[in-house]
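As structure tokens, the structure follows; a few thoughts come after it.
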Amino acid sequence: MVVNRQYSLPILTNKGNCKLAVWRSDKNEGATSDARDFKLLKLVYGYTNLFARITFYAVPNFDEFFFYADTGLTDATEILIKCHMNNFEVYKQTAPGLYNNKIYTGTPGKSGNDYSLTIPWNTVFGSFNSVKIWLYDMTGKDRLPDSNSVIVKY
Ligand SMILES: [Ca+2]
Ligand SMILES: [Ca+2]
């Protein structure tokens, strides 16, 4: 976060309370079950975590989908999060396309059509302050966004 020093006040320099949010909506795929069809991704950085909320077109019901994160630098920093109904597992890439270094396991939040992840930033992304994110469901063939990625920065 850039703070104009000329006008900075104590409350503006409280970096730990700075929150930045991005949203990306996605269409309802006719061929994909609404229970695993991505509608909206909201990403918020705050309090050393990345909060991700994925809204589906119905109450979520899926075996697995993938949450990809790319710091845009070396292969070794790319992240795959395997999202399940009752847990999510964070893997670091060890070779191109190979994600076998599990670095974190968390419990998702579920409420109505929402499925939420709290991802500890330093544990998962290290010192990078900008990450490209996209979602993909191999079964439903739904991707959010349809191409490229959503970028979260702090
Ligand atoms: Ca659908
Ligand atoms: Ca969709």
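Read-outs: derived from the displayed coordinates by stated rules, not from any lab. Note that the structure is a prediction, hence the values are computed from the model and not measured. Don't worry about glycine lacking a Cβ; one is built from the backbone with ideal geometry, like all the others, and counts go over all protein chains shown.
Per-structure values
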quantity	calculated
Ala35-Lys82 FRET efficiency (beta carbon distance; Förster radius 22 Å; 0.05 resolution)	0.75
Label point 7 Å beyond Cα of Trp23 along Cβ direction - residues of segment 98-140 with amide nitrogen under 16 Å	113-115
Loop-located GluC sites (Glu not before Pro) in segment 50-132 whose Cβ has at most 16 other Cβ within 10 Å (DSSP)	Glu64
Mean Cβ count within 10 Å, highest first, over the residues of peptides 142-153, 100-111, 41-52, 23-34	41-52, 142-153, 23-34, 100-111
Shape call, segment 72-154: gyration tensor on alpha carbons, a/c limit 1.5	rounded
